[in-house]
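Working notes for the structure below.
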Amino acid sequence: MFIRMLKEDGFAIKLIDHDHFSHGHASDEEEIELLNGASAVIAAGEQYSRKVIESLPDLRVIARLGVGFDSVDVEAATANDVVLTITPNSNHEAVAEHAIALMMAVAKSIVSMDKAMRNGEWPTQPLMPIRGATLGIVGIGRIGRDLAVRALAMKMNILATEPQPNMDFVHANGIQLLDLDTLLKTSDYVSLNCALSEETRGLIDSHKLALMKPGAVLINTARGGLIVEADLIEALQSGQIGGAGLDVFELEPTESDNDLYDMDNVVVSPHMAGNDIQSVEDMGNEAAQCVIDLFNGRWPDDAVVNRELKGIWNW
């Protein structure tokens, strides 16, 4: 759909089928060669360093699929008059659904019981409850709010930490706002739903993990860099926390010998939380619409990251 949208607006399309590139592992030189001559890109997992941006003089727009933009040097984009957009309206519900799925899978030992039964066993250990448990949400933006609504429907108590909360939503849903340390100490489940930045990189380290309740479960569908993975592995191995559901990792794709793979109390998925059939289509359409709007002189306020270019940028 989004390719047709762009073609109908006069854009010539170049498809890049290059796994190394799309996973963010191509060199700057490879990226520059692949993107040479592009006026706009619909960006996925690839990296946009200062060198790449400065070496693409025709580039006017980087339209990122999803809401994360830590793969783009925003300062370099702004300095080179490249508008960076995201798709804030497309995949937040998919990510919230996936966070719930990971939480349920860990709490109910779905993966380990499936393995055991396929090996001829019949496990009978009691499972962790969801109803009545406390969910701490770190970052209650669009995704965090969608997660909260779903968790409330399952009779969970909701705590949250958020620097700029939507207070109407907080009050309407009886959510208690706390500082991070207090949230970690009092939550049975903790879900990370905040952006990765220099301030949040390594946010959950050994000190923060030590604050969590024994047996608590950590869910991460945001960015792998929010967690110091070695500290998480140690906390899981020692029994400091009860389990983890992870869609994102420090290194992606992960190494095959990652210690997390050996733990029955860990459920993993390959950074796919926001990528269900509906959200993939919606993200592509929203990103394409951003490109089309900018080309036609319309400024997509909600989607632009480097808003300081408004009024001085032109195609």
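The values are calculated or read from the model by the stated rules, or taken from the named source; none is laboratory data. Note that the structure is predicted; figures quoted are calculated from it, not measured. Cβ atoms come from the backbone with ideal geometry, glycine included; neighbour counts cover every protein chain shown. Heavy atoms of the whole protein, side chains included, go into the accessibility calculation; ligands, DNA and RNA do not. Shrake-Rupley method; radii C 1.70, N 1.55, O 1.52, S 1.80 Å.
For region 187-295, the solvent-accessible area of protein heavy atoms averages 43 Å² per residue (probe radius 1.4 Å; ligands and nucleic acids excluded). Note on Lys213: accessible area is roughly 70 Å² with a 1.4 Å probe, heavy atoms of protein only.
Once both labels are positioned 7 Å from their Cα atoms along Cα-to-Cβ, the gap between Ser22 and Lys115 label points is 2.9 nm. For region 14-109, the normalised intensity computed at q = 0.11, 0.16 Å⁻¹ comes to -0.39, -0.69 (log10 of I(q)/I(0), Debye sum over alpha carbons, equal scatterers, no solvent).
A straight chain from Glu252 to Asn89 at 0.36 nm per residue would run longer than the Cα-Cα distance by 56.2 nm.
Compactness of region 213-268, taken as the C-alpha radius of gyration over 2.2 N^0.38 Å, stands at 1.02.
The solvent-accessible area of Glu234, taken with every protein chain present and a 1.4 Å probe, is close to 120 Å². All alpha carbon pair distances within region 257-307 were sorted into 10 Å bins beginning at 0; the resulting P(r) in whole percents reads 20, 30, 22, 17, 11, 1.
Among Asn36, Asn220, Asn265, the residue with the largest mean-square fluctuation in a Gaussian network model of the chain, with springs joining Cα atoms closer than 10 Å, is Asn36. For region 156-315, the C-alpha radius of gyration divided by 2.2 N^0.38 Å, with N the number of residues, is 1.26. The solvent-accessible area of Leu127, taken with every protein chain present and a 1.4 Å probe, is close to 80 Å².
Please compute the length gained on full extension between Asp70 and Leu152, using 0.36 nm multiplied by the number of residues separating them and subtracting their Cα-Cα distance. It would help to have the intermediate numbers written out before the result.
Values: separation 82, 0.36 × 82 = 29.52 nm, distance 3.06 nm.
Result: 26.5 nm gained on full extension.
Amide H contacts of Asn157 (H built 1.01 Å from N, in plane; Pro and chain starts excluded): Gly132, Ala133, Thr134, Leu135 sit under 5 Å, all sequence-distant by 5 or more or on other chains. With the convex hull constructed from alpha-carbon coordinates only, region 58-164 shows a mean projected area of 10.2 nm² over all directions. Eigenvalues of the alpha-carbon gyration tensor of region 36-90, scaled by 5 and square-rooted, set the equivalent ellipsoid semi-axes at 18, 11, 10 angstrom, largest first.
Inter-label distance, Asp179 to Leu127: 3.8 nm, where each label sits 7 Å from its Cα along the C-beta direction. Per residue, the Cα convex hull of the chain amounts to 148 Å³.
Among the listed pairs Lys108/Lys155; Lys7/Lys51; Lys108/Lys213; Lys14/Lys51; Lys108/Lys185, which have their C-alpha atoms separated by more than 27 angstrom in this model? If you can, show how the numbers build up before the last one.
Details: Lys108/Lys155 16 Å; Lys7/Lys51 29 Å; Lys108/Lys213 18 Å; Lys14/Lys51 22 Å; Lys108/Lys185 22 Å.
Check vs 27 Å cut-off fails for Lys7/Lys51.
Placing a pseudo-label 7 Å from each Cα along the Cα-to-Cβ vector at Gln237 and Glu198 gives an inter-label distance of 3.3 nm.
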